[in-house]
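Novice: Right, I'll just put the structure down here and ask away after.
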């Protein structure tokens with residue numbers, strides 16, 4: 001065989017090995033993104049399970065606040081039904097707003113705030129929120145790395161041909177929350 005044929009065969013083998021390596025690396029990162037999303041999902045489900053108990057605790061003291069309870073329940077249902085990170089993010093923003101309203105109502109009832117059951121639920125919800133935040137940071141870090149792997153040359157030349165798409169970040173902060181309020185004294 002000619003030396004040129006060997007060079008072509010070696011180049012093809014190296015190209016195939018490179019393609020396999022890129023593909024396997026992207027599969028690993030895609031699985032990391034999926035795994036980290038499931039961590040968020042577990043914490044969100046825990047949160048969803050706490051909300052009805054919290055609503056019931058507040059209902060006992062503030063039965064006339066039906067609209068608040070309805071809003072929290074509807075926001076919870078919408079968040080539970082969201083499937084993609086983008087939809088889940090939007091639904092979670094609505095749920096966060098509804099929960100803020102619920103806690104604002106609870107502020108008007110000192111006996112409720114002093115209730116051991118309410119305090120325990122509030123502490124569990126705070127703990128869950130912290131876990132969601134940690135899981136979100138981990139997920140977004142994996143998404144960033146996965147998307148970066150797809151954008152780096154020369155992998156970016158073949159990523160779409162291999163069927164990979166960029167993953168979506170999961171953001172819960174509202175745009176308004178990023179603006180620092182001005183205080184006038």
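Novice: Between residue 119 and residue 46, what is the label-point separation in nm under the 7 Å Cα-to-beta-carbon projection?
Specialist: Each label point lies 7 Å from its Cα, and together they span 2.2 nm.
Novice: Express the C-alpha Rg of the stretch 12-94 as a ratio against the empirical globular expectation 2.2 N^0.38 Å, rounded to two decimals.
Specialist: Ratio of Cα Rg to 2.2 N^0.38 Å: 1.78.
Novice: Tell me what the chain gives for mean residue ellipticity at 222 nm when only DSSP H runs of n ≥ 4 count, each as -39,500 (n - 2.57), the sum divided by the residue total, rounded to 500 deg cm²/dmol.
Specialist: Mean residue ellipticity at 222 nm (helix-derived): -27000 deg cm²/dmol.
Novice: If you line up the long axis of helix 3-59 against the longest principal axis of the chain, both from Cα atoms, how many degrees apart are they, to the nearest 10?
Specialist: Value to nearest ten degrees: 10.
Novice: Could you put 99, 112 in order, starting from the residue whose Cβ has the fewest other Cβ atoms within 10 Å?
Specialist: 112, 99
Novice: Okay, moving on. Give me the number: length gained by fully extending residue 77 to residue 126, i.e. 0.36 nm times residue separation minus the C-alpha to C-alpha distance, one decimal in nm.
Specialist: Stretched fully, the residue 77-residue 126 segment lengthens by 15.6 nm.
Novice: Taking the 0 to 90 degree range and rounding to the nearest ten, how far is the long axis of helix 85-107 tilted relative to the main principal axis of the chain, both from C-alpha atoms?
Specialist: Approximately 20 degrees, to the nearest 10.
Novice: Continuing with the same structure: How many angstrom separate the Cα center of the stretch 1-74 from the Cα center of the stretch 123-161?
Specialist: Each part's Cα centre sits 8 Å from the other's.
Novice: Same structure again: Normalise the Cα radius of gyration of the stretch 30-173 by 2.2 N^0.38 Å (N = residues in it) and let me know the number. Don't jump to the answer; show the numbers that get you there.
Specialist: Numbers: Rg = 18.8 Å, N = 144, 2.2 N^0.38 = 14.5 Å.
Taking the Cα Rg and dividing by 2.2 N^0.38 Å, one obtains 1.29.
Novice: Counting other beta carbons within 10 Å of each Cβ, put 37, 6 in order, fewest first.
Specialist: 6, 37
Novice: Rounded to the nearest 0.05, what FRET efficiency do residue 12 and residue 169 have when you use their Cβ-Cβ distance and R0 = 35 Å?
Specialist: 0.35
Novice: Another question, then. Angle check, please: helix 66-81 long axis (alpha carbons) against the longest principal axis of the chain (alpha carbons), in degrees 0 to 90, nearest 10.
Specialist: Long axis of 66-81 versus the principal axis of the chain: about 10 degrees.
Just so you know, all these numbers are worked out from the coordinates, no wet-lab data involved. From a predicted model like this one, the values you see are computed outputs, not experimental measurements. Cβ coordinates were reconstructed from backbone atoms using ideal geometry, including for glycine residues, and neighbour counts include every protein chain displayed.
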